[in-house]
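The values are calculated or read from the model by the stated rules, or taken from the named source; none is laboratory data. These numbers were taken from a predicted model, which means no experiment stands behind them. Counting neighbours? That spans all protein chains shown, and the Cβs are built from the backbone with ideal geometry, glycine included. SASA here: full protein model, heavy atoms, side chains in, ligands and nucleic acids out. Shrake-Rupley method; radii C 1.70, N 1.55, O 1.52, S 1.80 Å.
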Amino acid sequence: NNYFKSPVKFFWALSMKTKLMITIFTCLLLWSVMLLLSFSNIFKHQLLGATINVGSKDSVKPRDKLLGGLLTADFDEDSCLSRYQSSLYRKPSPYRTSEYLVSKLRDYEMLHKRCGPGTDAYKRATEKLGHDHENVGDSSAGECKYIVWVAVYGLGNRILTLASVFLYALLTERIILVDQRKDISDLFCEPFPGTSWLLPLDFPLMGQIDSFNREYSHCYGTMLKNHTINSTTIPSHLYLHLLHDYRDQDKMFFCQKDQSLIETVPWLVVKSNLYFIPSLWLNPSFQTELIKLFPQKDTVFYHLARYLFHPTNQVWGMVTRSYNAYLSRADEILGIQIRVFSRQTKYFQHVMNQIVACTQREKLLPEAAAQGESQVTNTSNPPKLKAVLVTSLNPEYSNNLKNMYWERPTTTGDIVKVYQPSRERFQQTDKKLHDQKALAEMYLLSLTDKLITSSSSTFGYVAQGLGGLKPWILYTPKKFKTPNPPCGRGVSMEPCFLTPPAHGCEAKKGINTAKIVPFVRHCEDLRHYGLKLVDDNKYEL
């Protein structure tokens with residue numbers, strides 16, 4: 001009896017063989033528990049992939065978390081869940097990433113690691129900023145050259161310009177550094193492994209860059225105008241004014257001859273609210289390289305956005321919770337992005353009429369049955385669930401759409417469910433939570449099957465480009481009347497360069513870009529100005 005009161009005595013009283021079996025069993029049990037815990041972390045994303053698609057037509061699909069080699073595997077997965085989880089929420093991409101682009105990105109990552117913040121190369125380069133002018137023969141540029149992106153207003157503008165500046169950095173072998181004083185680190189994870197793209201707060205020009213404008217003495221356009229820059233005397237830095245109010249001299253940045261001069265400047269600082277990538281394709285010195293990087297020419301932003309823009313875990317949580325709760329079980333998801341450019345931030349009935357007219361005319365949603373009409377019963381085909389994701393500052397548009405399908409059945413028998421994630425009423429750029437919600441909504445729109453966007457809206461441009469979607473574009477109403485037709489299908493998923501140069505580098509007014517390159521066209525929503533990339537493989541250059 002004393003043995004049973006004392007487990008230790010009881011154990012030692014057992015035979016050697018029994019004690020050995022107990023020891024082995026205990027070790028096996030502990031090893032199994034440890035193995036189970038270690039494998040649970042490996043399998044959690046695969047389990048999530050099965051969960052998010054319950055009941056959907058794509059419940060089983062292959063996972064390519066590196067997006068065809070676009071991403072590197074050199075990151076810790078948990079520090080930025082969206083980087084490797086995004087493939088769980090998307091259909092397999094029909095747009096192949098070129099091997100040349102993958103190789104170029106890996107080379108850039110090594111260059112950024114060698115020249116980025118905290119390196120000796122960066123320290124040497126910043127020391128040169130103290131010298132106003134350097135002689136081009138003194139190898140003043142050193143081993144690394146930089147381009148600094150300064151945040152301007154509007155999240156959509158920022159994302160489009162970041163992609164533009166990064167592509168320019170890729171083409172010219174510069175290091176991109178981004179102004180971190182806004183909320184960039186609250187929105188996006190670091191895109192390059194083992195280094196940072198954030199401009200250090202002790203950057204020598206940090207106290208001045210907010211005041212950089214067209215009149216700044218180191219503004220490239222101003223220096224051209226005043227004849228204070230040439231091929232023999234090179235400034236240590238240049239400011240590039242690529243905002244919508246830029247002058248003809250500022251637009252010379254896009255010209256081949258000017259690029260030969262700009263490439264010798266160690267530091268470039270750029271402010272822009274424009275997606276200027278189409279004009280890079282018009283520069284002969286970039287065109288050959290761009291065609292190798294993007295054989296399918298209307299996939300530029302699509303590939304760059306999926307490489308650069310990975311929402312932080314907080315934003316990604318907003319995306320996944322919304323998707324899992326409201327969208328994952330739908331047979332089809334329609335996104336509707338509503339942006340009304342008016343000083344009056346209110347609901348407009350003519351815009352509501354336009355949205356309904358577009359969805360009916362293009363057969364994007366079933367019609368609501370007339371009053372008193374009975375529900376359609378289709379015994380051969382079960383009804384489909386169509387989820388409608390609405391993004392707007394105003395809640396009235398989604399409320400009216402929801403009521404329309406709640407009060408009356410559809411003529412097809414399908415079920416329409418309407419969801420709007422946020423209802424902010426006013427745009428509040430630079431407010432952390434507001435911008436995080438905006439980014440989450442852009443991402444959610446990019447996960448839809450079909451998309452309706454508002455004319456000239458950079459919010460919509462980001463969503464369509466990230467999702468690889470050719471949207472239906474709501475035309476701009478005039479005199480508060482619904483346009484006829486209400487919308488039209490985009491020919492490309494690329495964003496629009498809203499205010500491109502009005503002439504070529506030889507100052508020929510009214511130049512037809514299609515006669516220069518067949519894959520740059522006027523935007524559908526800006527018929528007399530605005531440029532965008534389209535894919536046209538019928539032409540060989």
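Quick one: Met206 ticks every box in (1) assigned to a loop (DSSP other than H, G, I, E, B); (2) within 18 Å of the chain's Cα centre (by Cα); (3) of a type in the set (A, V, I, L, M) except a single one, so which number is it?
Just one mismatch for Met206, condition (2).
Considering only region 91-121, state which residues are under 30 Å from Leu444 (Cβ atoms) and open to solvent by 40 Å² or more (accessible area, probe 1.4 Å).
Lys91, Pro92, Ser93, Pro94, Tyr95, Arg96, listed by residue number.
Only one of these is surrounded by 22 or more Cβ atoms within 10 Å (Cβ to Cβ), modelled with pLDDT of 95 or more, more than 19 Å from the chain's Cα centre (by Cα) and under 27 Å from Gln296 (Cβ atoms): Leu466, Leu447, Leu474, Leu439. Name it. Talk me through it step by step, then tell me what you get.
Values: Leu466 fails: more than 19 Å from the chain's Cα centre (by Cα); Leu447 fails: more than 19 Å from the chain's Cα centre (by Cα); Leu439 fails: more than 19 Å from the chain's Cα centre (by Cα).
None of the others qualify; the one that does is Leu474.
Quick one: in region 309-344, of everything that is in contact with an Asp or Glu (Cβ under 8 Å, 6 or more places away or on another chain) and under 29 Å from Lys384 (Cβ atoms), which residue is most open to solvent (accessible area, probe 1.4 Å)?
Looking at residues that are in contact with an Asp or Glu (Cβ under 8 Å, 6 or more places away or on another chain) and under 29 Å from Lys384 (Cβ atoms), I get Glu332.
Considering Leu205, Leu274, Leu238, Leu198, which residue is in contact (Cβ under 8 Å) with a residue 60 or more places away in the chain, over 30 Å from Gln314 (Cα atoms) and open to solvent by less than 50 Å² (accessible area, probe 1.4 Å)? Break it down stepwise before answering.
On the way: Leu274 fails: over 30 Å from Gln314 (Cα atoms); Leu238 fails: in contact (Cβ under 8 Å) with a residue 60 or more places away in the chain; Leu198 fails: over 30 Å from Gln314 (Cα atoms).
The conditions single out Leu205.
Return yes when Val315 is closer than 30 Å to Lys402 by Cβ and within 19 Å of the chain's Cα centre (by Cα) and no when it is not.
Considered against the rule, which asks whether it is closer than 30 Å to Lys402 by Cβ and within 19 Å of the chain's Cα centre (by Cα), Val315 comes out as yes.
Of all residues being touching a helix residue (DSSP H, G or I) at 6+ places or on another chain (Cβ under 7 Å) and among the charged types (D, E, K, R) in region 202-232, which is farthest from Val270 (Cα to Cα)? Just the residue, please.
Lys225
Taking the condition under 27 Å from Lys432 (Cβ atoms) and either touching a helix residue (DSSP H, G or I) at 6+ places or on another chain (Cβ under 8 Å) or buried (at least 21 other Cβ atoms within 10 Å of the Cβ) (or both), does Phe192 pass? Working first, answer last.
Details: under 27 Å from Lys432 (Cβ atoms): yes; either touching a helix residue (DSSP H, G or I) at 6+ places or on another chain (Cβ under 8 Å) or buried (at least 21 other Cβ atoms within 10 Å of the Cβ) (or both): yes.
Answer is yes for this residue.
Just checking, how many residues over region 168-183 are more than 26 Å from Ser103 (Cβ to Cβ) and surrounded by fewer than 20 Cβ atoms within 10 Å (Cβ to Cβ)? It would help to see each step written out before you state the result.
Going residue by residue through region 168-183, those that are more than 26 Å from Ser103 (Cβ to Cβ) are 179-183.
From what is left, the residues that are surrounded by fewer than 20 Cβ atoms within 10 Å (Cβ to Cβ) are 180-182.
Adding up the residues that qualify gives 3.
List the pairs whose first member sits in region 65-76 and is open to solvent by 20 Å² or more (accessible area, probe 1.4 Å), whose second member is of a type in the set (Lys, Arg), and whose Cβ atoms are under 7 Å apart, counting only residues at least 6 apart or on separate chains?
Qualifying pairs under 7 Å: Leu67/Arg306; Gly68/Arg96; Phe75/Arg83.
All but one of (1) touching a residue at least 40 places away in the same chain (Cβ under 8 Å); (2) open to solvent by 40 Å² or more (accessible area, probe 1.4 Å) hold for Leu160, so report the exception by its number.
Unmet condition: (2).
Modelled with pLDDT of 95 or more, part of a helix (DSSP H, G or I) and either open to solvent by 30 Å² or more (accessible area, probe 1.4 Å) or touching a Leu at 6+ places or on another chain (Cβ under 8 Å) (or both): does that describe Ile355? Lay out the reasoning, then the answer.
Values: modelled with pLDDT of 95 or more: yes; part of a helix (DSSP H, G or I): yes; either open to solvent by 30 Å² or more (accessible area, probe 1.4 Å) or touching a Leu at 6+ places or on another chain (Cβ under 8 Å) (or both): yes.
Considered against the rule, which asks whether it is modelled with pLDDT of 95 or more, part of a helix (DSSP H, G or I) and either open to solvent by 30 Å² or more (accessible area, probe 1.4 Å) or touching a Leu at 6+ places or on another chain (Cβ under 8 Å) (or both), Ile355 comes out as yes.
I'd like to know if region 449-468 contains one or more residues that are in contact with a Ser or Thr (Cβ under 8 Å, 6 or more places away or on another chain), within 28 Å of Leu385 (Cβ to Cβ) and assigned to a loop (DSSP other than H, G, I, E, B).
Yes.
Looking only at region 281-307, count every residue that is under 19 Å from the mean Cα position of the chain (by Cα) and surrounded by fewer than 19 Cβ atoms within 10 Å (Cβ to Cβ) and tell me the total.
Step one: of region 281-307, the residues under 19 Å from the mean Cα position of the chain (by Cα) are 293-294, 296-307.
Subset that is surrounded by fewer than 19 Cβ atoms within 10 Å (Cβ to Cβ): 296.
Count: 1.
Go through region 293-352 and give me each residue that's closer than 18 Å to Phe459 by Cα, of a type outside the set (Lys, Arg) and not in a helix (DSSP H, G or I).
Phe309, His310, Pro311, Leu334, Gly335, Ile336, Gln337, Ile338, Val340, Phe341, Ser342, Thr345 - these are the residues of region 293-352 that are closer than 18 Å to Phe459 by Cα, of a type outside the set (Lys, Arg) and not in a helix (DSSP H, G or I).
With the requirement that a residue be more than 25 Å from Gly335 (Cβ to Cβ) and either at pLDDT below 75 or open to solvent by 90 Å² or more (accessible area, probe 1.4 Å) (or both), what does region 360-387 give you?
Taking region 360-387 as the starting set, the residues that turn out to be more than 25 Å from Gly335 (Cβ to Cβ) are 370-380.
Those that are more than 25 Å from Gly335 (Cβ to Cβ) and either at pLDDT below 75 or open to solvent by 90 Å² or more (accessible area, probe 1.4 Å) (or both): Gln371, Gly372, Glu373, Ser374, Gln375, Val376, Thr377, Asn378, Thr379, Ser380.
Could you please find all residues in region 488-525 being modelled with pLDDT of 85 or more and closer than 13 Å to Lys251 by Cβ?
Phe497, Thr499, Pro500, Pro501, listed by residue number.
Out of (1) assigned to a helix (DSSP H, G or I); (2) within 24 Å of Tyr100 (Cα to Cα), the odd one out for Asn157 is which?
(2)
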